[in-house]
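Worksheet: one structure, shown below.
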Amino acid sequence: MRLRYIEDQTEAHDTPLLALAVVEGGDAANGYLKGGDPAIRRAVAAAMEMGDATGKTSDEVVLYGGEHGPVRVVLLGIGKADDLDAETLRRFAGRAVRVAERLKLESLAISLDGLDGVAAEAAAQAVAEGAGLAAWKFTELQADDEESPTVLVTSVDLVGGEAEASSAGAVAGAAIARAVNFCRSLQDRPGNVATPSHLAEEAARMGGSVGLEVTVFDEARMREEGMHALLSVTRGSEEEARFIIMEHRGGEEGDAPIVLVGKGLTFDSGGISIKPSQGMEEMKYDMSGGAAVIGAMQAIAELGVKANVVGLVPSSDNMPSGTATKPGDVISSLAGKTIEVINTDAEGRLILADALAWGARMKPAAMVDCATLTGSVIIALGHHAAAVMGNDDDLVHELREAGDASGERCWPLPLWSEYTKQLDSNYADLQNIGGRPGGSITAGAFLKEFAGDAPWAHLDIAGTAWGEGKLSYQRKGGTGFPTRLLVEWVRRRAG
Ligand code: BES
Ligand code: MN
Ligand code: ZN
């Protein structure tokens, strides 16, 4: 999709659709109208006077009749000025794109005027993100309907705002939307396409085009390095595991890196502790954390973030077979700790254990992992927030703030030592499950044992990485969560 910023409104006059925001209780609070087409101005005023466009977030009024300006205008309510935030603007832009789709239009313009309350740069970024995410659709495995071909929006112009700030925001928002959409493509691809080697190839291809150094370990290399926890998970699968390393050198040489780790479990059958077949097809999204790290690294490189950032993705299938790891097996790990595998379905923490141990060796300034780790996080927080936990309260706080700003929220859970105690094993240094009570926390407590001394935090995204497409800018399937959060957090840290 092409996304442009245009300062001069008159250049957008020939757009087939212009989206304008209407604030509740305001007048036609939109600078666009000041210089706009008098016919449109009259139509907008009438829609407001007649109470059709009140500014409520459910409001949507399409108007026709522009003479010198756009022929179609859609007024979209964005609620009260005091409540306005970046997330409202993402949804506003998403709704504008959905209106265009319904009208079978391939392009539209969205006005940045009248969005006071959110700083111009953040507003343009949010609108660009919302539009870029809404326009995307996963179509690569389906033939198009010849009778009524899908019309997708391929071009969005952002108009108005404040030239310098708005154009910077639009550039960032467009890069972030591309990164999230890349993540969503990887998520939506089925397990027979998005294999560990596919993720590695995609990361390498992406890295080549944006200037990241990408290194991929095969199983022989993992064995040499001692990544036995990762290897224990892939034992049951015919697909070869991969360990993907992506490096962005945007900081000073020698500056401690920020390390991002993502679970890249390309299909989770549960292994010998096999899952029920109902809904098992969705376990292709168990690589969402890895996809988000790959996507985030793309945006970090494209935006030239001034920090050293390393992305790590341990990637494997989890399958049952005669060679698969069995319940009761004791395995070793890169950190040297032995693990009793009580349940082979608690595999994410095993592949992450080795990735975190690898990351810890780099003495990172901070390390954050994200993983579709536990079903219990869905019981705790539903689909509206990820859980965040870690060994450093400041880091957890930073992630919560980046989550609020990016619209990908996270909420803290404690990692007290009592939870770690639940992982005591009779036969090994620790076991891989801690029972049903506090299931998301004991998973986090397990990871903590492998993160070393680095400030570290973990995001459990099992409830947020996949969805029904409830928000205007989403569709059924992968949400890209937490690509936006990670990029926001890294950009804030880089200053
Ligand atoms: N990938 C799953 C977690 C998951 C569940 C992700 C639902 C998305 C939706 C993970 O590997 C898993 O199977 N976790 C187990 C842990 C249990 C065996 C301790 C779970 O949550 O049931
Ligand atoms: Mn599992
Ligand atoms: Zn899993």
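Observations on the model:
- Taking a straight line from the alpha carbon of K470, these lysines sit under 24 Å away, with near neighbours fewer than eight places off in the same chain left out: K56, K80, K104, K137, K284.
- Tensor-based shape of region 179-493 (alpha-carbon gyration tensor, a/c under 1.5 rounded, otherwise prolate or oblate): rounded
- Bridge type composition, the chain - antiparallel percent by DSSP, nearest 5: 40 percent
- Projecting the Cα atoms of G322, H384, S406 onto the charge dipole of the chain (Cβ charges, centred on the Cα centre) puts G322 farthest toward the positive pole.
- Extension gain for E281-E146 works out to 45.7 nm (0.36 nm per residue, less the C-alpha to C-alpha distance).
- Extension reserve of the A46-R223 stretch, reckoned as 0.36 nm per residue once the Cα distance is removed: 56.6 nm
- Paramagnetic label reach from A168 (point 7 Å along Cα→Cβ; backbone nitrogen cut-off under 13 Å): within region 123-155, residues 123-125.
- A Cβ-based charge dipole, computed about the Cα centre of the chain with Lys and Arg at +1 and Asp and Glu at -1, lands at about 500 debye.
- Ordered by the number of other Cβ atoms lying within 10 Å of each residue's own Cβ, fewest first, W416, W489, W136 fall into the sequence W416, W136, W489.
- Sorting the segments 173-186, 60-73 by their residues' average number of neighbouring beta-carbon atoms within 10 angstrom, most packed first, yields 173-186, 60-73.
- C-alpha long axis of helix 86-102 to longest principal axis of the chain, angle in °: 70 degrees
- Degrees, to the nearest 10: 120-135 long Cα axis against longest axis of the chain: 80 degrees
- Shape call, region 366-495: gyration tensor on alpha carbons, a/c limit 1.5: oblate
- In terms of packing, defined here as the mean over residues of other Cβ atoms within 10 angstrom, the peptides 220-232, 156-168 line up highest first as 156-168, 220-232.
- Lys/Arg +1, Asp/Glu -1 at C-beta; region 2-159 dipole; positive extreme among L33, A134, A86: L33
- Peptide packing: for 188-200, 234-246, 42-54, 89-101, the average count of neighbouring Cβ atoms within 10 Å per residue gives the ranking 89-101, 234-246, 188-200, 42-54, highest mean first.
- Taking a straight line from the alpha carbon of K363, these lysines sit under 23 Å away, with near neighbours fewer than eight places off in the same chain left out: K263, K306, K337, K448.
- Dipole magnitude (debye, nearest 20) for region 80-129, charges at Cβ of Lys, Arg, Asp, Glu: 380 debye
- Per-residue [θ]222 nm for the chain (sum of -39500 (n - 2.57) over DSSP H runs n ≥ 4, rounded to 500): -11000 deg cm²/dmol
- Derived scalar couplings ³J(HN,Hα) [region 464-469; Karplus, 6.51 cos²θ - 1.76 cosθ + 1.60; whole Hz; x for Gly, Pro]: 10, 7, 9, x, 8, x
- Net charge of neighbours whose Cβ lies under 12 Å from the Cβ of E225, counting Lys and Arg as +1 and Asp and Glu as -1: -1
- Simple rule: put +1 on each Lys or Arg Cβ and -1 on each Asp or Glu Cβ in region 214-341, find the dipole, and look at A301, H248, M227; the Cα lying farthest toward the positive end is M227.
- Percent of beta bridges antiparallel (DSSP, region 2-159, rounded to nearest 5): 20 percent
- Rounded, prolate or oblate (a/c below 1.5 giving rounded, otherwise prolate when a/b exceeds b/c) for region 2-159 by Cα gyration tensor: prolate
- With respect to the chain, whose longest principal axis is taken over its alpha-carbon atoms, helix 483-494 is tilted by about 90°.
- A simple charge model with +1 on the Cβ of Lys and Arg, -1 on the Cβ of Asp and Glu and nothing else charged puts the dipole of region 2-159 at about 160 debye relative to its Cα centre.
Laboratory data are not the source of any read-out in this text; all were calculated from the coordinates shown. This one's a predicted model, so the numbers in the text were calculated from it and none came from an experiment. Here Cβ is always computed from backbone atoms with ideal geometry, including for glycine, and neighbour counts include all displayed protein chains.
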